[in-house]
Amino acid sequence: MSSAPISSGQKGVTVWFTGLSGAGKTTINDALTIKLRDRGVRLEVLDGDIVRTNLTKGLGFSKEDRDENVRRIGFVSHLLTRNGVIVLVSAISPYRNIRDEVRDRIGDFMEVYVSAPVEVCEQRDVKGLYAKARSGEIKQFTGISDPYEAPLNPEVNCETHNETIEESVNKVIAKLEEMGYLPALVAA
């Protein structure tokens, strides 16, 4: 199901940032949002933490609940995408099969794997979630006591332990341009 261009000529796409907690999904997403808004792009941001307090409140962290969380985010993303909006989703979404299900449903979809070693993610963890997971205080924590299935063929791989935020953002923009979702900027 491809989205039709809207009157402004913008074609919708869901850009799905996946990776461990602390890998840099939201950081890249926030910087990308600024750049895209500066270009006059119609977009919506669906951040996993915000979605969990609103759209998916009450879901836990079992595999079934995580899958349902991703399905609900995917449903909203699909509605926006088919209406010509660029949707930036930032969600751990640890299971490959549900990400693939959402990709198939949406059609216009770009997966961005935000990767960093778990040790780096732990160092960045200002909320202390990894320490709580290692002590057993938090159960079913992705990357510690619950699995994370990395994408096999993401459109973009941002290795945040080896590149700057700017480099990661530029990779995403270049891929959006290459895939025809964003017109290339012409140098003045």
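No lab work stands behind these numbers, since they all come straight from the coordinates. Note that the structure is a prediction, hence the values are computed from the model and not measured. All Cβ positions, glycine included, derive from the backbone under ideal geometry; neighbour counts span all protein chains shown.
Given their separation in residues at 0.36 nm each and the Cα-Cα distance between them, ASN170 and LYS63 gain 35.2 nm when the chain is fully extended.
In loop segments of region 130-175 as defined by DSSP, the GluC sites (Glu not before Pro) with at most 12 further C-beta atoms inside 10 Å of their C-beta are GLU137.
Taking SER62, SER90, SER135 as the candidate residues, the one with maximal mean-square fluctuation in a Gaussian network model of the chain, Cα springs under 10 Å, is SER135.
Counting only DSSP H runs of at least 4 residues, each contributing -39500 (n - 2.57), and dividing by the residue count of the chain, the helix-based mean residue ellipticity at 222 nm comes to -13000 deg cm²/dmol.
Spin-label model, ARG96/GLU178: points 7 Å from Cα along the beta carbon direction are separated by 2.1 nm.
Which value, in Å³ per residue, describes the convex hull spanned by the Cα atoms of the chain?
116
Ranked for footprinting exposure by Cβ neighbours inside 10 Å, fewest first, ASP38, ASP125, ASP146 give ASP38, ASP125, ASP146. Considering only ALA184, PRO94, GLY107, the residue lying farthest towards the positive end of the dipole of the chain is GLY107, judged by Cα position with unit charges set on Cβ.
For the chain, a crude dipole built from +1 on the beta carbon of Lys and Arg and -1 on the beta carbon of Asp and Glu, taken about the Cα centre, is about 500 debye to the nearest 20. Arranged from fewest to most other beta-carbon atoms within 10 Å of their beta carbon, HIS161, HIS78 become HIS161, HIS78. Compute the acute angle (0 to 90°) between the alpha-carbon long axis of helix 165-178 and the principal axis of greatest extent of the alpha-carbon atoms of the chain; round to the nearest 10°. Tilt of helix 165-178: around 50 degrees. Relative to the first principal axis of the alpha-carbon coordinates of the chain, what is the inclination of helix 63-82, with its axis defined by its Cα atoms, in degrees from 0 to 90 and to the nearest 10? So the inclination is approximately 10 degrees. Normalised by the number of residues in the chain, the mean separation of alpha-carbon contacts (under 8 Å, six or more apart) gives a relative contact order of 32 percent.
Across the chain, the longest run free of exposed loop sites, meaning trypsin sites (Lys or Arg not before Pro) lying outside DSSP classes H, G, I, E and B with no more than 13 other Cβ atoms within 10 Å, spans 58-126. Projecting the Cα atoms of ILE34, TYR130, ILE144 onto the charge dipole of the chain (Cβ charges, centred on the Cα centre) puts ILE34 farthest toward the positive pole. With respect to the chain, whose longest principal axis is taken over its alpha-carbon atoms, helix 96-106 is tilted by about 30°.
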